[in-house]
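Encoded as structure tokens, the structure appears first; notes follow it.
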């Protein structure tokens with residue numbers, strides 16, 4: 001079955017070229033069902049590192065040809081394309097984001113943390129976008145021991161951002177505010193391929209992930225309450241490198257409790273492959289963009305999520321730093 005999404009700028013329906021799709025289907029519908037021990041080995045940290053090295057560290061003769069094959073616009077690059085002579089370097093590329101990924105000026109604007117394909121949902125049963133326990137169990141996602149944060153997001157809203165291997169792999173801060181907490185939760189390295197996501201119950205709660213809790217109700221903040229940004233590893237993702245910079249990509253450093261993050265600035269880097277970001281919002285603190293909501297329920301789009309979850313559920317392809325919603329005070 002093909003998988004389609006909607007391109008935000010044009011409104012066109014696009015069929016995604018899912019890399020290693022046959023291998024992923026074999027892993028999740030063959031190996032998983034017939035050899036649980038082998039399946040567990042293949043989604044382990046060590047296996048992901050080895051697969052990543054094999055896939056991404058081989059030198060290439062023509063970086064520009066490789067970029068064209070993946071649909072990467074070399075005019076966006078901060079560095080000459082010729083220096084990106086492996087898949088890893090290509091996927092960890094830096095771009096002229098201030099020029100190529102403009103950001104809305106409104107203080108209360110919430111922006112996409114990544115070049116990604118987005119699905120929006122709610123943990124509230126009365127919501128028209130109720131999607132509880134489809135992509136994750138939110139208590140498990142944040143860590144059940146983190147009682148202060150888990151309770152704060154009950155019945156809240158969320159957005160899931162699926163990065164494909166060809167995407168720009170830096171995450172940017174979706175809101176402005178002060179970091180209240182920052183921690184890592186160990187887990188597996190499941191694929192973000194739609195077939196794998198549908199196959200596994202709440203897969204993003206099972207993967208290794210990094211959680212950043214941001215208080216936006218502070219001076220110069222976005223005024224959207226508490227926001228949880230969850231960065232989720234995936235198959236062949238070896239690491240999530242925290243690399244926040246308040247100016248370009250200069251002097252990158254990790255998240256620290258108490259620091260202020262500026263909206264739209266680089267926050268972290270996935271190494272490399274596909275991966276997922278999840279944003280959690282407190283109840284009634286964000287109003288998502290209407291086009292993203294209407295695209296999710298659009299008919300005539302062959303989405304694997306729609307079939308897997310039994311209802312229309314279509315992704316929209318969006319750019320990092322682009323508007324996804326507005327603060328509701």
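General remarks:
- Scanning region 73-103 for residues that are within 22 Å of residue 173 (Cα to Cα), part of a helix (DSSP H, G or I) and at pLDDT 90 or above yields 76, 97, 98, 99, 100.
- Of all residue pairs spaced 6 or more apart or on separate chains, those with beta-carbon atoms under 6 Å, a first member in region 121-137 that is more than 15 Å from residue 154 (Cβ to Cβ) and a second member that is modelled with pLDDT under 90 and not in a loop (DSSP other than H, G, I, E, B) are 134/309; 135/204.
Per-residue answers, yes or no, for (1) free of Cβ contacts under 8 Å to residues at least 24 places away in the same chain; (2) in contact with a helix residue (DSSP H, G or I) (Cβ under 6 Å, 6 or more places away or on another chain); (3) under 22 Å from residue 70 (Cβ atoms):
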| residue | (1), (2), (3) |
| --- | --- |
| 253 | yes, no, no |
| 258 | no, no, no |
| 261 | no, no, no |
| 286 | no, no, no |
| 294 | yes, no, no |
| 302 | no, no, no |
| 306 | yes, no, no |
| 309 | no, no, no |
| 312 | yes, yes, no |
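- Test for residue 115: is it in contact with a strand residue (DSSP E or B) (Cβ under 8 Å, 6 or more places away or on another chain) and closer than 21 Å to residue 245 by Cβ: yes
- Within region 143-158, residues that are on the phi < 0 side of the Ramachandran plot and free of Cβ contacts under 8 Å to residues at least 60 places away in the same chain reach partners that are part of a loop (DSSP other than H, G, I, E, B) and surrounded by 12 or more Cβ atoms within 10 Å (Cβ to Cβ) with beta carbons closer than 9 Å, at six or more positions or on different chains, in the pairs 150/143.
- Among the residues making up region 121-142, a single one is out of contact with any helix residue (DSSP H, G or I) (no Cβ under 7 Å at 6 or more places or on another chain), closer than 24 Å to residue 186 by Cβ and surrounded by fewer than 17 Cβ atoms within 10 Å (Cβ to Cβ): 133.
- Filter pass, residue 227 being crowded, with 17+ Cβ neighbours inside 10 Å, under 25 Å from residue 189 (Cα atoms) and touching a helix residue (DSSP H, G or I) at 6+ places or on another chain (Cβ under 9 Å): no
- Looking only at residues in region 126-147 that are in a loop (DSSP other than H, G, I, E, B) and over 21 Å from residue 298 (Cα atoms), the one that is farthest from the chain's Cα centre (by Cα) is 145.
- Residue in region 294-306 that is touching a strand residue (DSSP E or B) at 6+ places or on another chain (Cβ under 8 Å), at pLDDT 95 or above and more than 30 Å from residue 15 (Cα to Cα) present: no
- Between 320, 218, the distinction of being surrounded by 18 or more Cβ atoms within 10 Å (Cβ to Cβ) and either within 18 Å of residue 161 (Cα to Cα) or modelled with pLDDT of 95 or more (or both) belongs to 320 only.
The values are calculated or read from the model by the stated rules, or taken from the named source; none is laboratory data. Here the structure is a predicted model, which is why all the values come from computation and not from measurement. Cβ coordinates were reconstructed from backbone atoms using ideal geometry, including for glycine residues, and neighbour counts include every protein chain displayed.
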